[in-house]
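Worksheet: the structure to be examined is printed underneath.
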Amino acid sequence: MSDNNTPKHDVIMIGAGPAALSAAIYTTRENIETLLFERGVPGGLAAITDWVDNYPGFPEGIAGLDLAENLRKQAERFGAVIEYGEVTKITDEGEYKKLATTSGDMLARAVLIATGSDYKKIGIPGESEYYARGVHYCATCDGAFYKDKKLVVIGGGNSAVQEAIFLTRFASHIDLLVRSELRASEVLQEELQKLIDSGKITIHLGAAPKEIVAGPDKLVNKVLAEQHGKEVTFETDGVFIFVGLIPNSQFLADSPIELDKIGFVKTDEHLQTSMKGVFAAGDIRSGATMQIASASGEGATSALMIREFLEGHK
């Protein structure tokens, strides 16, 4: 149990990405005292996205860092407080949830888990160095920058094939590099075959990427791979990597909060987790669409659900 000196809050939000910042705008405007814990940069993956073209209200698009900064400023204007650190554990103490943090234990009447997810990396030279300068992880975010350009897509599962199909709306040609065998669903493979037949996509089975290379301008221009024991070079204007997402839910590993088989947080129709008073929104939530706009929408919804919860537990 906690002692009387443990800091108490109305709401603690874990993470300060679009979901949490949007939620905080709603809670603080209704005078619900709100603290956000962020271990990295406010804005989450949005903050490290070069350019966002599909967020409503910005007809010319907006730099991901600017969008994140605008959300942060708006939340802080209404009174949200962002503290830098990590939450390592959540336990249920009845009226309050106890959070073990790098700043010590804290209590909250309600908690929002909005820690998001991270792109699974393939770990080859050039991948991190040229992120947003030719290396991408989101086709709907960045595909439009490659109109009439050549692309390399890496991956062989549903997401890789689905995103490669989507990218044919922009790219003149796509080389799909599959390390072993294609694992996409039959329906997607049928659609893929049509694009292979039309010459829009060429599939390279057994092609293991080894390095992403850039020219003197520091923009990606080729991918080096090994295929059937030989080194192969793919000339390209950009690389899209789709080998999955990793949920940032490691701190919930020994928690009673229910996760799906991949590690995303399960919620009910009110965005409440299996622990009463603890909610989840955005990319960390099982079933999320992994888009900035939908994360913001879920943040707003979760704030309304939190308000109802708090009003019912006065």
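Examine region 129-141 for a residue that is among the charged types (D, E, K, R), more than 26 Å from ILE292 (Cβ to Cβ), outside any strand (DSSP E or B) and at pLDDT below 95, and state whether such a residue exists.
Kept after step one, since they are among the charged types (D, E, K, R), are these residues of region 129-141: 129, 133.
Checking which are more than 26 Å from ILE292 (Cβ to Cβ) leaves us with none.
Among the residues of region 129-141, not one is among the charged types (D, E, K, R), more than 26 Å from ILE292 (Cβ to Cβ), outside any strand (DSSP E or B) and at pLDDT below 95, which makes the answer no.
For region 140-173, give me each residue that is aliphatic (A, V, I, L, M) and out of contact with any Ser or Thr (no Cβ under 9 Å at 6 or more places or on another chain).
Step one: list which residues in region 140-173 are aliphatic (A, V, I, L, M), which gives 144, 151-154, 160-161, 164-165, 167, 171.
ALA144, VAL153, ILE154, ALA160, ALA164, ILE165, LEU167, ALA171 - these are the residues of region 140-173 that are aliphatic (A, V, I, L, M) and out of contact with any Ser or Thr (no Cβ under 9 Å at 6 or more places or on another chain).
Which ranges mark the strands (runs of 3 or more DSSP E) fully within region 1-113 that have 3 or more residues being among the basic types (Lys, Arg) and under 19 Å from ALA300 (Cβ atoms)? Walk me through it before giving the result.
Details: elements: 8-14, 34-38, 81-84, 87-93, 96-101, 104-113.
Counting at least 3 such residues, we get no strands (runs of 3 or more DSSP E) at all.
Looking at THR28 and the list (1) modelled with pLDDT under 95; (2) in contact with a Phe, Trp or Tyr (Cβ under 6 Å, 6 or more places away or on another chain), which single condition is not satisfied?
Looking at each condition in turn, THR28 falls short on (1).
Quick grid of which residues meet (1) within 23 Å of THR34 (Cβ to Cβ); (2) surrounded by 15 or more Cβ atoms within 10 Å (Cβ to Cβ); (3) of a type in the set (Gly, Ala, Ser); (4) not assigned by TED's automatic domain parsing to the domain that holds THR273:
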{"position": "PRO59", "(1), (2), (3), (4)": "no, no, no, no"}
{"position": "ARG72", "(1), (2), (3), (4)": "yes, yes, no, no"}
{"position": "LYS89", "(1), (2), (3), (4)": "yes, no, no, no"}
{"position": "VAL135", "(1), (2), (3), (4)": "no, yes, no, yes"}
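For region 157-176, check the following and say yes or no: at least one residue is touching a Pro at 6+ places or on another chain (Cβ under 8 Å), in the same structural domain as ALA132 (by TED's automatic domain parsing) and closer than 23 Å to ILE246 by Cβ. Reasoning before the result, please.
Taking region 157-176 first, the residues touching a Pro at 6+ places or on another chain (Cβ under 8 Å) are none.
No, because not a single residue in region 157-176 is touching a Pro at 6+ places or on another chain (Cβ under 8 Å), in the same structural domain as ALA132 (by TED's automatic domain parsing) and closer than 23 Å to ILE246 by Cβ.
I'd like the residue in region 33-48 that is of a type outside the set (A, V, I, L, M) and without any contact (Cβ under 8 Å) to a residue 60 or more places away in the chain and, out of all such residues, is surrounded by the most Cβ atoms within 10 Å (Cβ to Cβ).
Kept after step one, since they are of a type outside the set (A, V, I, L, M), are these residues of region 33-48: 33-34, 37-40, 42-44.
Now narrow it down to the ones that are without any contact (Cβ under 8 Å) to a residue 60 or more places away in the chain: 33-34, 38-40, 42-43.
On the way: GLU33: 16, THR34: 29, GLU38: 23, ARG39: 15, GLY40: 16, PRO42: 23, GLY43: 24.
Selected residue: THR34.
Could you identify the single residue in SER185, SER159, SER180 that is surrounded by 15 or more Cβ atoms within 10 Å (Cβ to Cβ) and at pLDDT below 95?
Values: SER185 fails: surrounded by 15 or more Cβ atoms within 10 Å (Cβ to Cβ); SER180 fails: surrounded by 15 or more Cβ atoms within 10 Å (Cβ to Cβ).
One residue alone meets the criteria, SER159.
Does region 118-126 contain any residue that is assigned to a helix (DSSP H, G or I), surrounded by 15 or more Cβ atoms within 10 Å (Cβ to Cβ), out of contact with any Leu (no Cβ under 6 Å at 6 or more places or on another chain) and not basic (Lys, Arg)?
Of the residues in region 118-126, the ones assigned to a helix (DSSP H, G or I) are none.
Checking region 118-126: not a single residue is assigned to a helix (DSSP H, G or I), surrounded by 15 or more Cβ atoms within 10 Å (Cβ to Cβ), out of contact with any Leu (no Cβ under 6 Å at 6 or more places or on another chain) and not basic (Lys, Arg).
Name every residue in region 116-158 that is touching a Phe, Trp or Tyr at 6+ places or on another chain (Cβ under 8 Å) and polar (S, T, N, Q), in order of residue number.
Within region 116-158, SER117, THR140 qualify.
Out of everything in region 234-258 that is in a strand (DSSP E or B) and buried (at least 18 other Cβ atoms within 10 Å of the Cβ), what residue ends up being farthest from the chain's Cα centre (by Cα)?
Among residues in region 234-258 that are in a strand (DSSP E or B) and buried (at least 18 other Cβ atoms within 10 Å of the Cβ), the one farthest from the chain's Cα centre (by Cα) is PHE234.
Given the options LYS210, LYS261, name the one that is touching a residue at least 60 places away in the same chain (Cβ under 8 Å) and either in a helix (DSSP H, G or I) or farther than 18 Å from HIS136 by Cβ (or both). Walk me through how you get there before you give the answer.
Values: LYS261 fails: touching a residue at least 60 places away in the same chain (Cβ under 8 Å).
Of LYS210, LYS261, the one residue that is touching a residue at least 60 places away in the same chain (Cβ under 8 Å) and either in a helix (DSSP H, G or I) or farther than 18 Å from HIS136 by Cβ (or both) is LYS210.
Residue by residue through region 199-227, note down the ones that are among the hydrophobic types (A, V, I, L, M, F, W, C) and modelled with pLDDT under 95.
Applying the first criterion (among the hydrophobic types (A, V, I, L, M, F, W, C)) to region 199-227 yields 201, 203, 205, 207-208, 212-214, 219-220, 223-225.
Hit for region 199-227 is LEU219, nothing else.
Please state which one of GLU186, GLU191 is acidic (Asp, Glu) and either in contact with a helix residue (DSSP H, G or I) (Cβ under 9 Å, 6 or more places away or on another chain) or under 22 Å from ASN54 (Cα atoms) (or both). Step through it out loud before you land on a result.
Values: GLU186 fails: either in contact with a helix residue (DSSP H, G or I) (Cβ under 9 Å, 6 or more places away or on another chain) or under 22 Å from ASN54 (Cα atoms) (or both).
The unique qualifying residue is GLU191.
Determine which member of the set GLU231, GLU226, GLU269 is free of Cβ contacts under 8 Å to residues at least 40 places away in the same chain, surrounded by 14 or more Cβ atoms within 10 Å (Cβ to Cβ) and more than 23 Å from PHE166 (Cβ to Cβ). Step through it out loud before you land on a result.
Numbers: GLU231 fails: surrounded by 14 or more Cβ atoms within 10 Å (Cβ to Cβ); GLU269 fails: surrounded by 14 or more Cβ atoms within 10 Å (Cβ to Cβ).
Only one candidate qualifies: GLU226.
The values are calculated or read from the model by the stated rules, or taken from the named source; none is laboratory data. All of these numbers come straight from a predicted model, not from anything done at the bench. A quick note on method: Cβ atoms are made from the backbone with ideal geometry, for glycine too, and the neighbour counts reach across all protein chains shown.
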